[in-house]
Amino acid sequence: MKCSTYLVGSLFATLAAAAPSTPGWRFDLKQERSGIVALESIVVSPTLVVFFDRASDDPLQINNHSAWGALWNLETSTVRPVNVLTNSFCASGALLSNGTMASVGGDPNGFPGNPDIRPGNQAIRIFEPCASPTGDGCTVFEDPENLHLQEKRWYPSSIRIFDGSLLIVGGMHEDTPFYDTDPALSFEFFPPKESTPRPSEFLKRSLPSNLFPRIFALPDGKVFMVANNQSIIYDIEANTERILPDVPNNVRVTNPIDGSAILLPLSPPDFIPEVLVCGGTQTDPLDPSLLSSQTPATSQCSRITLTEEGIAKGWEVEHMLEGRTMPELVHLPNGQVLIANGARSGFAAIKQVPDAIGNSNSDHAVLVPSIYTPDRPLGRRISNAGMPSSGIARVYHSSITLTPQGNFLVAGSNPNANTTVGPGIKFPSEFRVQTLDPPFMFVPRPKILSTPEKLGFNKTFTVPISLPLELTRADAKVQVSLMDLGFSSHAFHSSARLVFMDAKISGDRKSLTFTTPPNGRVFPPGPATVFLTIDDVSSEGAWVMMGSGNPPPTLE
């Protein structure tokens, strides 16, 4: 009996050793490099991401000069240059209701290596929907004389709103020292709705640290905005601003004192909006000569529910596991939020503080991401358990975006005035590209086999699916998310949105029935990605057009 017990014990030990370990999060370094610093990124098709940099001396070439636009192929992890006319440095952008990507604003300066560069601070760059999965024949269109913003804007923000057009907010006109001393204190639209921009008292009050305001389209059509430490709800149709409580504890959250922010998932039937703001710095002096690359970033996250009761209650404060300046908050398809990138100390911008690290105003890069789970109790929502280290500093001018494949594309970082690489440089121009792959990438996943090309609002659809045996339990948690993957620039994912849809899987586990949002205020009409998640295992996304696909403005 002793021998038998020993053999059985040995067998179990052998099986345990041979059993595969539970998959975890992984960073995957791609063989090909980006060729340009990917300081801005936006998914424009199921297979393509547009990168923008400044007009500079990046290694990727086009037409006998350095490129500052590129297409990254998500299927092959390869890059191809895109010709850009105006300087897209520190611009914003979004997808319109017809699927066109519009990049707006940018740098007024040129670059000595390319005399043909045009100023970018009034630019509008158009990337039409691209049918080619590899980007063949797909280009950026520009016509600076006839297609331009009403006001010069460098460091603006933009979002798609309820009629499928863009609201463009703030920025500055020309070069300024560190913070905003030449401000664009106004809003405008693309396509234009009026002959002149709309003045904003909010942008005036939030000076001087109010570049790249964090702005969100709410499910009633209004817009929530936070800049510096101030917040408002802006009613586009009435052109009124409602002042909300300040971000607590003197924490400032917009460039050059960058925190990040995100609209938390919206759920039926009420689609109650909540906003989360994380990181930045608790500071009063804004003169860079009085600041330091070692100034600690805040660990504070502040959350507000945008109902009358929630506004009266004010911001609810919790804390990340470390201080972060220049983090970025990005949705997962299951409703969690990834907190990635940034530094533990210092500020955005380039070589203005007395003790810059090389050219970087920040130091102590945060290499390990965290996960925020919105529906957990206060104080237990943030964890980095099992999260890997990226091994690559992603500080100023880095980007990250969720992809239709379900992982995160991570690129960029360049707190330098041009391409700066070589030994001894702590924060170089970063051309390495990674994906951050969730655990579900390494297990059998659900599949959405097909969807209609267009989904109408307030409609019910049934689509075929395929489920692995492991995900066919009758009591499995089923989530169907409709997502705008957003535009990543300067620690902010503008237009990013996740709307859960009521959904049910058929008894034979072969079809999925879901009901779309009621109107274009809950989800602004335009491109969307549908994910099916079962017990936190997400499918690849299905790329669809939410709404008619008509050009803006389109009320749906």
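The values are calculated or read from the model by the stated rules, or taken from the named source; none is laboratory data. Nothing here was measured: the structure is a model prediction, and the numbers come from that model. Backbone-built Cβ (ideal geometry, glycine too); neighbour counts: all protein chains shown. Note: accessible area is taken over every heavy atom of the protein model, side chains too, but ligands, DNA and RNA are not part of it. Shrake-Rupley method; radii C 1.70, N 1.55, O 1.52, S 1.80 Å.
Quick notes on this structure:
- Size of the range 316-441: Rg and Dmax of its alpha carbons, in Å, are 15.3, 46.
- Rel. contact order, % - alpha carbon contacts under 8 angstrom, at least six apart, the range 208-307: 22 percent
- Each peptide in 503-512, 424-433, 117-126 was scored by the mean count of other Cβ atoms within 10 Å over its residues; highest first, the order is 117-126, 424-433, 503-512.
- Look at the alpha carbon pairs under 8 Å that are at least 6 residues apart: their mean separation over the length of the chain gives a relative contact order of 15 percent.
- Net charge in the neighbourhood of Gly135 (other residues with Cβ under 15 Å of its Cβ; Lys, Arg +1, Asp, Glu -1) is -3.
- With all protein chains in place and ligands, DNA and RNA left out, the 1.4 Å accessible area ranks Glu308, Glu316, Glu194 as Glu308, Glu194, Glu316, largest first.
- In the chain, the DSSP-assigned H stretches of four residues or longer account for a calculated mean residue ellipticity at 222 nm of -1500 deg cm²/dmol, using -39500 (n - 2.57) per stretch and the full residue count as denominator.
- Report note on the peptides 359-365, 155-161: ranked by the mean count of other C-beta atoms within 10 Å, highest first, their order is 155-161, 359-365.
- Other residues with beta-carbon under 9 Å from the beta-carbon of Asn414 carry, at +1 per Lys or Arg and -1 per Asp or Glu, a net charge of -1.
- Cut-off 13 Å (backbone N to label point 7 Å along Cα→Cβ of Arg380), residues of the range 294-324: none
- Over all other residues within a Cβ to Cβ distance under 11 Å of Glu241, the charged ones net out to +3, with Lys and Arg as +1 and Asp and Glu as -1.
- Cβ-derived FRET efficiency at R0 45 Å, Ala474 paired with Ile126, nearest 0.05: 0.40
- Sparsely packed trypsin sites (Lys or Arg not before Pro) within the range 188-273, loop by DSSP, other Cβ within 10 Å at most 16: Lys193
- Protection-proxy order for peptides 164-176, 462-474, 52-64, each taking the mean of Cβ atoms within 10 Å per residue, highest first: 164-176, 52-64, 462-474
- The chain: angle of helix 2-18 to the longest principal axis, Cα-based, in degrees nearest 10: 30 degrees
- Inter-centroid distance (Cα atoms) of the range 46-100 relative to the range 392-423, Å: 14 Å
- Estimated distance in nm for a label pair at Lys426 and Gln61, the labels positioned 7 Å out from Cα along Cα-to-Cβ: 3.5 nm
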